[in-house]
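See structure below.
The values are calculated or read from the model by the stated rules, or taken from the named source; none is laboratory data. Since the model is a prediction, treat every value here as computed from it, not as a measurement. As a convention, Cβ positions derive from the backbone with ideal geometry for all residues, glycine included, and neighbour counts pool all protein chains shown. Remember, those area values only see protein heavy atoms, side chains included, never the ligands or the DNA or RNA. Shrake-Rupley method; radii C 1.70, N 1.55, O 1.52, S 1.80 Å.
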Amino acid sequence: MAAYRSVVVIGGGAAGAAITRALAARGVGVTLLEKAGQLCSGATWHAAGLVTRFGGSPKLKKLHVRSLALLTEMHDAHDVGLHLTGSIRVIEKGHADRLLEAKHHVEMAALYDDPALPTRLIGADEVAALHPLVDTSNVEAGVYTPEDGDIDPTLLTTCIARLAKSDGATIRYNAEGDTVARRDDGRFEVTLAAAAGGERLGADAVVNAAGLWSTRFSRQLGMHHPAFVIEHQYAITETIDAIAALPQGERVPVLRDLRGSSYLRQERQGLLIGPYED
């Protein structure tokens, strides 16, 4: 990135903040534009915050393992709300193909896991021991990944942004980008919306981290942006007695129900349940 002396990042979510920090740490003059009056005003603020070492491919697995290592370091230094509860992918009885897939993932994980934190296949009894709320009557096995968990997206993003600013980045709020154009000299020009003053910013490069609104800016540059919005909701339960009774500091693992296409993680003394519909 040394060739780029100035970069404009559009979007103040987790991705925009992380890219801003990475550029600023390398000495690039970077300005982050956030359309709202605070960070995390798009998809980030209501993300479930799940983080995992699991990966469906070798490249994704290595990326996830490295990401968890970085998040753990950041949490140790700044307390960004990381809970390393572990996770269980539940395999139901009578589904031989899914069990075979689970065994494949466990064998692949052995190549890329931290040796101290091996992913392994566990039986129904161990699933019940790790997560006392699971009805294991139809559970064949589970893929257990230690020190998976969840993180607070807002705490994480604001911490990253603070570190970026300490490295010289500029973060501008109420600065909604309206258009992006490539100039004749090869540089870019970002024009703010009229409500934000209509200011024009020049840059050697523009990072499109606008999330739900990202395709808009890519189209302005004649680029195909393979991103789209999917509808997904989650519900948070009231207090569950069995969770409230857990010893101080103990949390149940994240559950991933492959057949039901849903995840469940602890949220305070209840559960956050996120299903995906067909």
When the residues of the range 199-209 are filtered to those that are in a strand (DSSP E or B) and in contact with a Phe, Trp or Tyr (Cβ under 6 Å, 6 or more places away or on another chain), which remaining residue is least open to solvent (accessible area, probe 1.4 Å)? A203
When the residues of the range 1-14 are filtered to those that are over 19 Å from the mean Cα position of the chain (by Cα), of a type in the set (A, V, I, L, M, F, W, C) and in a strand (DSSP E or B), which remaining residue is surrounded by the fewest Cβ atoms within 10 Å (Cβ to Cβ)? V7
Of all residues in the range 176-198, how many are open to solvent by 50 Å² or more (accessible area, probe 1.4 Å) and either more than 14 Å from I10 (Cα to Cα) or basic (K, R) (or both)? 8
Looking at the structure I just gave you, is A161 farther than 30 Å from G86 by Cβ, under 23 Å from the mean Cα position of the chain (by Cα) and small (G, A, S)? no
Given P226, P247, which one is at negative phi and open to solvent by less than 90 Å² (accessible area, probe 1.4 Å)? P247
Under 9 Å between Cβ atoms, at least 6 apart or on separate chains: pull out the pairs that start in the range 125-141 with a residue that is touching a residue at least 60 places away in the same chain (Cβ under 8 Å) and end on any residue that is part of a helix (DSSP H, G or I) and open to solvent by 70 Å² or more (accessible area, probe 1.4 Å). none
How many of the residues making up the range 147-186 are over 23 Å from A24 (Cα atoms), in contact with a Lys or Arg (Cβ under 8 Å, 6 or more places away or on another chain) and not in a strand (DSSP E or B)? 2
Could you say whether any residue in the range 71-78 is acidic (D, E), open to solvent by 40 Å² or more (accessible area, probe 1.4 Å) and either over 21 Å from Q220 (Cβ atoms) or at pLDDT 95 or above (or both)? yes
Just wondering, is there one or more residues in the range 15-27 that are among the β-branched types (V, I, T), outside any loop (DSSP other than H, G, I, E, B) and more than 19 Å from the chain's Cα centre (by Cα)? no
Just to be sure I understand, how many residues within the range 91-124 are touching a residue at least 60 places away in the same chain (Cβ under 8 Å) and not charged (D, E, K, R)? 4
Which residues, counting only those in the range 16-46, are surrounded by 21 or more Cβ atoms within 10 Å (Cβ to Cβ) and either within 30 Å of I88 (Cβ to Cβ) or modelled with pLDDT under 95 (or both)? C40, G42, T44
Which residue out of L264, L271 is outside any loop (DSSP other than H, G, I, E, B), more than 17 Å from the chain's Cα centre (by Cα) and closer than 26 Å to A43 by Cβ? L271
